[in-house]
Amino acid sequence: MRVEYDYDTCIGMFQCVAEWDAFERDEDAGKAVLDGSDEREDGVFVREVPEDAELDAKFAARACPVDAIRVYDDDGDQLVP
């Protein structure tokens, strides 16, 4: 499972931070940061989701009010949102 986070879409509500500890607050930028991720495209960060954090990653994606977080299964199918 992997998560993709669109930094440019983020509006800094930080609900994701409350749902999954892989997201951290960047108060200076007013945006969340996805810890341990790599930038794949301009402003899109990707990381693998550990098995024990799959539910947390899904909750973080569902909590995002602007759908800046997407979760994909191992086959590449989008699960959330």
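The values are calculated or read from the model by the stated rules, or taken from the named source; none is laboratory data. Source: prediction; values computed, not measured. Note that we place each Cβ from the backbone using ideal geometry, even for glycine, and neighbour counts take in every protein chain shown. The accessibility values were calculated without ligands, DNA or RNA, using every heavy atom of the protein model including side chains. Shrake-Rupley method; radii C 1.70, N 1.55, O 1.52, S 1.80 Å.
Sub-6 Å Cβ pairs linking a first residue in the range 1-28 that is open to solvent by 90 Å² or more (accessible area, probe 1.4 Å) to a second residue that is in a strand (DSSP E or B) and at pLDDT below 95, at least 6 apart or interchain, number zero. Does V33 count as open to solvent by less than 30 Å² (accessible area, probe 1.4 Å) and under 12 Å from the mean Cα position of the chain (by Cα)? No, not satisfied.
Out of E48, E41, one residue alone is at pLDDT below 95 and either out of contact with any helix residue (DSSP H, G or I) (no Cβ under 7 Å at 6 or more places or on another chain) or exposed (fewer than 12 other Cβ atoms within 10 Å of the Cβ) (or both). It is E41.
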